[in-house]
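Here's the structure we're looking at; comments come further down.
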Amino acid sequence: MENQNKKDVLILGIESSCDETAASVVRNGREVLSNVISSQIDLHTQFGGVVPEIASRKHIEKINQVIEQALADAGVTLDEITAIGVTYGPGLVGALLVGVAEAKAIAFAARKPLVGVHHIEGHVSANYIEHPDLEPPFVCLIVSGGHTHLVIVKDYGQFEILGRTRDDAAGEAFDKVARAVGLGYPGGPKVDKAAKEGNPHAVEFPRARVEGSPYDFSFSGLKSATLNYINKANMTGQEICVPDLVASFQNAVVEALVSRAVLAAKEHGYHKVAIAGGVASNSALRAAMEEACAKEGLKLYRPSPVYCTDNAAMIGVAAYYEYQKGTRHGWDLNAVPNLKLGERRAL
């Protein structure tokens with residue numbers, strides 16, 4: 001590679017935890033040389049959600065092409081790669097296994113170190129790509145289809161969990177409400193788009209608080225209240241204004257997320273707040289976080305939408321910091337579909 005400093009660390013990142021087959025080459029933990037994503041959204045739309053078996057088969061079909069493309073786009077060969085980073089959990093077990101098996105095969109054949117990455121740690125790490133000044137510690141709100149966490153990022157790969165959802169994840173609630181009003185899959189982006197035309201105060205939905213746990217979330221009651229509203233309207237023959245309904249629902253979710261993130265930063269004395277995960281690409285959440293942080297004198301960090309949803313660049317970044325800490329995995333690395341944040345397996 002031209003002008004390559006011998007100390008440069010090049011990570012080949014691989015991500016296959018759900019329905020995106022992705023590969024990326026990341027230099028020194030901050031510079032993305034390539035980021036290739038093969039999405040399966042069109043395949044799963046007809047089923048109203050991700051079908052695990054179909055996702056796994058598609059990963060097998062696409063993974064070699066995606067990795068070859070990532071190396072080509074970065075202008076590097078496998079020989080120049082320092083280590084292989086791969087998501088090993090959490091996620092769909094079949095989908096994860098495709099990426100893990102591929103990463104192990106490449107690492108073994110090319111004699112490269114293997115570094116397993118926690119998917120949620122990857123989402124947090126997406127913030128480092130476009131923000132060279134961002135370093136731990138900071139507060140991070142992680143919001144995706146399967147996860148809603150509020151954490152203090154104490155160091156690279158080191159987290160203190162302040163709060164989490166007690167029931168549904170925010171993204172899950174978005175998907176269920178989108179399905180109920182006929183917007184379809186994927187729910188998050190479709191709700192976001194429809195809500196732009198609606199009044200966020202048309203329906204005042206409940207905001208749940210978890211007693212004794214000010215940083216925890218609960219979206220089950222909000223989801224039920226929204227579905228009950230829809231059912232009642234259907235039974236009484238009332239017409240539902242979908243933009244108003246989803247704008248009101250989204251407003252309740254966003255308010256719960258933003259208020260807790262800001263409270264955590266203030267109460268723990270942090271001036272930096274980041275957001276991460278697929279729902280972090282939601283325009284209402286981004287705008288509300290920006291406004292709240294500006295009002296409270298907090299600095300907000302957020303990845304571009306392409307780095308919010310599943311991608312391998314974030315996995316390459318997280319793998320770089322794990323690699324620098326000395327994390328290496330053996331050939332017994334396995335997929336862990338229910339891997340908890342901060343948990344380490346098979347080190």
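Loop only by DSSP, 13 or fewer other Cβ within 10 Å of the Cβ. Give me the GluC sites (Glu not before Pro) in the stretch 265-322 that pass, ordered by residue number.
none
Could you tell me the distance between the Cα centroids of the stretch 33-79 and the stretch 228-300, to the nearest Å?
31 Å
Do the sum for the chain: with -39,500 (n - 2.57) for every DSSP H run of n ≥ 4, divided by all residues, what is the mean residue ellipticity at 222 nm, to the nearest 500 deg cm²/dmol?
Details: 11 runs with 153 residues, N = 347.
Roughly -14000 deg cm²/dmol at 222 nm, from the helical runs in the chain.
Spelling out what I want: for every residue of the stretch 140-151, take phi, set θ = phi - 60°, compute 6.51 cos²θ - 1.76 cosθ + 1.60 (Karplus), and round to whole Hz; glycine and proline get x.
Values, residue by residue: 10, 9, 10, 10, 9, x, x, 9, 9, 10, 10, 10 Hz.
Kindly provide the Kirkwood hydrodynamic radius of the stretch 111-166 in Å, to one decimal, from all pairs of distinct alpha carbon atoms.
Working: mean 1/r = 0.0812 Å⁻¹.
Final number for the Kirkwood radius of the stretch 111-166 is 12.3 Å.
On C-alpha positions alone, give me the angle between the axis of helix 170-180 and the longest principal axis of the chain, in degrees, nearest 10.
It is inclined by approximately 60 degrees.
For Ser34, which sequence-distant residues (separation of 5 or more, or a different chain) have an amide H within less than 5 Å of its own amide H, given hydrogens modelled in the peptide plane?
Val25
If the convex hull of the alpha-carbon atoms of the stretch 136-303 is projected onto planes in all directions, what is the mean projected area in square nanometres?
Its average projected convex-hull area is 9.5 nm².
As I understand it, the value is the acute angle between the Cα axis of helix 119-130 and the longest principal axis of the Cα atoms of the chain; what does it come to in degrees, rounded to 10?
Roughly 80 degrees between the two axes.
Quick one: compute the contact order of the chain, relative version, from alpha carbon pairs under 8 angstrom and 6+ residues apart, as a percent.
24 percent
Which is the longest stretch in the chain that no exposed loop site breaks, taking sites as chymotrypsin sites (Phe, Trp or Tyr not before Pro) with a DSSP loop state and at most 15 other Cβ atoms within 10 Å?
Counting at most 15 other Cβ atoms within 10 Å as exposed, the longest clean stretch of the chain is 48-330.
Out of the stretch 146-194, which trypsin sites (Lys or Arg not before Pro) are coil in DSSP terms and have no more than 16 other C-beta atoms within 10 Å?
Of the trypsin sites (Lys or Arg not before Pro), the ones in loops of the stretch 146-194 whose Cβ has at most 16 other Cβ atoms within 10 Å are Arg166.
Students often get this wrong, so check it: of Lys223/Lys272; Lys154/Lys299; Lys104/Lys154; Lys299/Lys325; Lys154/Lys340; Lys266/Lys325, which have C-alpha atoms separated by over 25 Å?
Lys223/Lys272; Lys104/Lys154; Lys299/Lys325; Lys266/Lys325, as the Cα separations exceed 25 Å there.
How big is the Cα convex hull of the chain in projection, averaged over all directions, in nm²?
The directionally averaged projection comes out at 17.6 nm².
Using alpha carbons only, how many degrees (0 to 90, rounded to 10) separate the axis of helix 52-74 from the longest principal axis of the chain?
The angle comes out near 50 degrees.
Looking at the stretch 136-303, what % of its DSSP beta bridges pair antiparallel, to the nearest 5?
60 percent
Write down the percent of antiparallel bridges among all DSSP beta bridges whose residues are both part of the chain, to the nearest 5.
In the chain, approximately 60 percent of DSSP beta bridges are antiparallel ones.
Just so you know, all these numbers are worked out from the coordinates, no wet-lab data involved. Because the structure is predicted, anything quoted here is derived from the model rather than measured. We place every Cβ from the backbone using ideal geometry, glycine too, and count neighbours over all the protein chains shown.
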